[in-house]
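See structure below.
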Amino acid sequence: MTLRTEGARRARRGTDRRPRFALAVTVAFFALLYLPIGVVVLFSFNSQKSLTVFKDFSSRWYEAFFRDQLLLDSLGMSLQVSLVATAGSLVLGVALALGLVRSRDRLGSLAGLIMLIPLITPEIVTGVAAMLLFKGMGVPLSTGTVMLAEITFSISYVTVILRSRIAALNPEVEEAAMDLGATRWQALRLVTLPALLPSILASAVLIFALVFDDFVLAYFTTGVDPQPLSVRIYSAIRFGVQPTINAVGTLMLFGSIALIALALFIPRLFGRRGGIDLLSGK
């Protein structure tokens with residue numbers, strides 16, 4: 001009995017030990033992932049123009065960013081495109097998700113399969129296809145073409161998030177509302193959509209962040225001026241990285257963190273425990 005107990009203790013100690021190699025790989029991975037971001041944030045507060053020598057903390061480059069009219073115009077365009085793409089993709093995505101879940105024929109299954117294609121298609125292919133489509137139709141590239149391309153690309157994300165949530169809803173609740181005198185539209189507006197609100201908000205946060213940071217699709221569908229912020233940054237760094245770009249990147253980073261925090265906070269407003277289920281549409 002004593003030998004068995006001692007053997008069990010040794011086995012337990014062996015399983016409790018953390019593998020040093022795996023721990024080292026994990027540390028190296030996060031270091032390679034976050035150290036460049038940390039350097040960008042640090043040098044955005046550099047008082048000098050140097051990108052290799054840090055001297056003192058200063059908000060000089062943030063002030064330069066807010067005085068640069070080209071960057072401000074690009075920021076305004078990115079916000080405008082993100083808001084329009086979010087609103088458009090939500091309206092179309094909700095309608096598409098409802099139709100796919102409630103469709104019982106083969107056409108609905110085929111449409112559901114086609115809807116997944118944009119998710120697995122390389123974005124550069126989508127960008128080139130959108131550019132060729134607009135040019136073939138004689139539509140000049142502008143802010144409107146960026147909005148149309150981003151809406152088309154984002155619909156699939158909204159649909160994927162909402163389909164699982166709609167499928168989990170009890171259809172008898174909507175049927176009970178219609179039995180009590182509500183029309184189909186009233187049942188949808190007063191029963192179904194409120195139940196989908198958490199997933200709709202999660203989709204809005206996701207789409208806004210994706211569109212605001214998107215570069216490939218915006219690059220192929222934008223006009224000359226104003227350009228989205230991501231395209232403007234790419235155009236600027238081709239002639240050398242300026243410290244102002246570090247400030248812009250830092251602001252975009254903290255903006256993305258704020259959106260993630262908002263997405264994680266949304267479930268608490270609806271009495272849910274965590275934000276992972278919300279982002280997955282559950």
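The values are calculated or read from the model by the stated rules, or taken from the named source; none is laboratory data. Since the model is a prediction, treat every value here as computed from it, not as a measurement. Heads up, the Cβs are rebuilt from the backbone with ideal geometry, glycines too, and the neighbour counts pull from every protein chain shown. All accessible areas refer to the heavy atoms of the entire protein, side chains included, with ligands and DNA or RNA removed. Shrake-Rupley method; radii C 1.70, N 1.55, O 1.52, S 1.80 Å.
One table, with the values for the structure above:
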item: Helix runs (DSSP H) in the chain reaching 15 Å along axis by Cα, Kyte-Doolittle at least -1.0; result: 20-43, 69-102, 106-120, 123-136, 143-168, 193-213, 243-269
item: Fluctuation leader among Met178, Met252, Met115 - the chain, Gaussian network, Cα springs under 10 angstrom; result: Met178
item: Value at 222 nm in deg cm²/dmol, rounded to 500, when DSSP H runs of n ≥ 4 in the chain each add -39,500 (n - 2.57); result: -25000 deg cm²/dmol
item: Accessible surface, 1.4 Å probe, highest first, among residues Arg238, Arg232; result: Arg238, Arg232
item: Rounded FRET efficiency, nearest 0.05, which uses the C-beta distance separating Phe29 from Phe54 and R0 of 25 Å; result: 0.50
item: Relative packing of peptides 37-46, 129-138 - highest average C-beta neighbours within 10 Å first; result: 37-46, 129-138
item: Neighbour cut-off at most 12 other Cβ (10 Å), DSSP loop, trypsin sites (Lys or Arg not before Pro), region 45-111; result: Lys49, Lys55, Arg104
item: Protection proxy ranking, peptides 91-101, 188-198, average beta carbon neighbours within 10 Å, highest first; result: 91-101, 188-198
item: Rounded, prolate or oblate (a/c below 1.5 giving rounded, otherwise prolate when a/b exceeds b/c) for the chain by Cα gyration tensor; result: oblate
item: Relative contact order for the chain, counting Cα pairs under 8 Å that sit 6 or more residues apart, in percent; result: 27
item: Arg67 versus Phe254: modelled label distance in nm, points set 7 Å from Cα along the beta carbon direction; result: 2.0
